[in-house]
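Contents: one structure, followed by commentary.
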Amino acid sequence: MNEKNILLIESAFKEYYFNRFDLIHVPQKATEREFGYQKFNSGMTRHLVVKNDKDLHLLLMKEVPSDVYCSNAYYSFPSLPMSEKDWKGADLIFDIDAKDLALSCRKDHTVFKCISCNNPTIEFSQQCSKCGSTKFETVSVGCKNCISESKKEVTKLVDILTTDLNVKKEQIEVYFSGNEGFHVRVTNNDYESLGSQERADLVDYLMFNGAIPESFGIKRQNNFKASLPTFEEKGWRGRVAHKLFSSKSKVPKATREIIASGYSAFQVQLEEIKKTMGVKVDPKVTMDIHRIFRLEGSINSKSGLSKIQCEDLNSFDPFLEACLLGNDDVNVMVNCPLQIRLKNKKFGPYNNEIVSLPKYAAVYMLCKGLGNAV
Amino acid sequence: MLKIGVKDLAKYPFLTEAGEYLRNTGLSLEQLGHPDWQPIVEKAYGRIVVASSGQIYGSDLEALDNDSELLSFLVAIILLKSAGIATLIRRFSLAESRRAERYLQQDLWISRDKKNLELPLKIIQDLFAVNVSIDNEDFVIKVPDYLQRAVHFHEKEWKLVNRRVANGLVYLSAHETVRLIRTELGEYINGKIQSVNVDSIPQSFRHRVDDLVTLAKKFSDTVYVSSEYPPCVKHGIEVLEKGENLPHSGRFLLATYLLSKGQTVDQIAPLFKNAPDYNERTTKYQLEHISGSSGSGTKYQCPSCEKLRSESLCFATPDCDGIINPVQFGKRRKNP
């Protein structure tokens, strides 16, 4: 990123951090966690200890990071190298990202940006119409549908966590990630000591990965209706029953069909159920017990939006509630072929033109790589 | 407080209460050296011989004198410690854990009334910190307790998604409950034997200690191990050749590695012959399953170095630098 852009973004970030100390807190057990941060155009600084809110605020003011992270793990010595930290446990964390949901709307709000000349287009082409380069990067801008589909995944996740895994509602914190999805943190003592492999199997449970027909009453031969799941059952068997039979009156007919179709057909049905009912989380994030995860209250440099907690998920509008940078107008050169919507205002499309935008929108364009400071 | 009878101690002689029971009888090691007690020494020796051959020592708890069941276990430990041969101790621990496993399963399954179930549940809780409770016909344990044990099994049926789960609990049969703690039971008995100190033994024990040393020679034949194998595979082969127990994950590593190197099931099967719990049919069946020639048809891949590290099966040497899976061993080694 060029220096001018960095100056503009950093000044907006610093203003936010200075004015919104009320939103930025260290998590529980702060002294046992590892903190880290990044600045624009530079690498990650990690293995830091931040004892309290005051130290955190000081760090934000001094360094004005592009991104701030904190471990989900607790250590005896968080500032030592990884092998000497002495891992004690970790919150369960989940990352739900709209880009992983294979949504049909993605093509409507994705810009293909030429890596050589930065020329953005909506339609994908093999070659840049301006410079002939064949290398593009994709930039996705905010989309209501992506957020609402991601919310559905969060709801599925929270449902399984509370009913199957006995996690209490008050132990679940849901955050907007600051870009295109949600982060979920579970603070439950029973699960904090689980290692990476155990978490991987837990994720498979949530995603409905690796389910075999035998577990749902279908063997390769000699199947009986009594072994199929029923509505009354809990966990995945109950959920699968609802999906297979939809209503009680349909049970006899559906049962006959399932038994007649056999093992392989049932396996296909389970795959379908996985696609629709499995929670689409990023397994790598949950499995990683040494990860530093974006700190709540901090700004996501991919968008300039903040990672903030969602008190009421259904009504939560990230493009309004997480858009917390200043309103002062700044002049920027913007090349954005799509219209974006922030704080209930529409911006663009802009065709490589200098426009006066409120700081939050100007920073959004710069963070997405669709504009430059002038 | 739970009352543990001598019959229970005969089934589970590794319990702390067994030592207390012996102390209460006032019987000393010197007394056990008296010729009157020689049948116990013979029984103990027999118990070790059976274990070393990979069989499970059977007891008829109804017909036999339970005191001698308990005493023969304790004397067997003294004989084993005096002989000091790790291979025999491991084989004995494994066989005794299988024996206890049978009783645990029976006690869980058959004794349906709650009073009788107290003992097996207490053993599982005290020894392995797993709280098992009963819900109708099923045994239930907390999801994290389940995951910490089940992740070491490769069969898909052990994945959490294939279990009945509700309210943070996993539902299991008696067999599955005991299967889940099998490895820990073996390690517990092994640890218990390792912690015993034997300073001197009665003269009448000497003869049988010498016999154990002779018996062990049969398991210590040196075996040629190809230098082309990675150290984790070499280790697995060495353990098996010594007749010691290699955990399931170690056997899975050997099988998948050798299959990936083009060996056939018939070529690999004899490798497991020395395993304390060897069964020709089971071994073949499992190898065929892993190779994909039977069962679901899935050909299992050799586990990654990372997975082996997490299972304490990695014995990396500098030659392993830059590889992420044992099958890559030797390929990159030639690079400068």
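FYI, it's all coordinate maths here, none of it is from the lab. Keep in mind that what you see is a predicted model, and the values were worked out from it rather than measured. Cβ placement follows ideal geometry from the backbone for every residue including glycine, while neighbour counts extend to all protein chains displayed.
Annotations for the structure displayed:
- Karplus-derived 3J(HN,Hα) values for region A:339-346, using 6.51 cos²θ - 1.76 cosθ + 1.60 with θ = phi - 60°, are 8, 10, 10, 9, 6, 6, 10, 9 Hz; glycine and proline are entered as x.
- Calculated mean residue ellipticity, 222 nm, the protein assembly as shown: -13000 deg cm²/dmol, from DSSP H runs (n ≥ 4) at -39500 (n - 2.57) each, averaged per residue and rounded to 500.
- Taking the C-alpha atoms only, the angle from helix A:53-63 to the longest principal axis of chain A is near 50 degrees.
- Cβ neighbours within 10 Å from other chains - mean over B:164-176: 4
- Averaged over residues, the count of other Cβ atoms within 10 Å places the peptides A:74-87, B:284-297, A:93-106 in the sequence A:93-106, B:284-297, A:74-87, highest first.
- FRET efficiency, 1/(1 + (r/R0)^6) with R0 60 Å, evaluated for B:R206 and A:V268 via beta carbons: 0.30
- Relative contact order of region B:231-328, defined on C-alpha pairs under 8 angstrom at six or more residues apart (%): 31 percent
- Cα centroid separation, region B:249-326 to region A:1-48 (Å): 48 Å
- A Cβ-based charge dipole, computed about the Cα centre of region B:12-99 with Lys and Arg at +1 and Asp and Glu at -1, lands at about 560 debye.
- For chain B: relative contact order, % (alpha-carbon pairs under 8 angstrom, 6 or more apart): 17 percent
- FRET efficiency estimate (nearest 0.05) - Cβ-Cβ, B:A86 to A:D159, R0 56 angstrom: 0.65
- Dipole of chain A [Lys/Arg +1, Asp/Glu -1 at C-beta], most positive-end residue of A:I308, A:L370, A:V26: A:L370
- Summarising the label geometry, the points placed 7 Å from Cα in the beta-carbon direction at A:Q339 and A:E232 lie 5.5 nm from one another.
- For the listed peptides A:158-171, A:283-296, a ranking on the average number of other beta carbons within 10 Å per residue, highest first, reads A:283-296, A:158-171.
- Taking only the alpha carbons of the protein assembly as shown, we obtain Rg and Dmax values of 31.6, 106 Å in that order.
- 17 Å reach of a label modelled at A:D53, 7 Å along Cα-to-Cβ, counting backbone N of region A:300-324: A:308-309
- Number of partner chain Cβ atoms within 10 Å, mean per residue of A:157-169: 3
- With Cα atoms, 0 to 90° folded angle of helix A:144-163 axis to chain A main axis: 50 degrees
- Taken residue by residue and averaged, Cβ atoms of other chains lying within 10 Å of the Cβ of A:189-199 number 4.
- log₁₀ of I(q)/I(0) at q = 0.22 Å⁻¹ - region B:231-328, Debye sum with one point per alpha carbon: -1.18
- Computed over region A:209-277, the ratio Rg/Rh where both radii use C-alpha atoms and Rh is Kirkwood: 0.91
- Nearest 10 degrees, 0 to 90: helix B:16-25 Cα axis against chain B principal axis: 20 degrees
- Residues with amide H under 5 Å from that of A:G178, placed H, sequence gap 5 or more: A:I308
- Each listed q (0.06, 0.11 Å⁻¹) maps to a log10 I(q)/I(0) for chain A, found by the Debye formula over equal Cα scatterers with no solvent: -0.29, -0.87.
- What the phi angles of region B:264-273 give under the Karplus curve with 6.51, -1.76 and 1.60, with θ = phi - 60°, is a coupling list of 9, 4, 5, 6, 7, 3, x, 4, 8, 4 Hz, glycine and proline written as x.
- Per-residue Karplus couplings for region B:250-258, computed as 6.51 cos²θ - 1.76 cosθ + 1.60 with θ equal to phi - 60°, are listed in order as x, 5, 4, 4, 4, 4, 5, 5, 5 Hz, Gly and Pro entered as x.
- Paramagnetic reach from A:R256 in region A:211-244 [backbone N under 15 Å; point 7 Å along Cα→Cβ]: A:225
- Percent RCO, i.e. relative contact order, over chain A, from Cα pairs under 8 Å lying at least 6 residues apart: 19 percent
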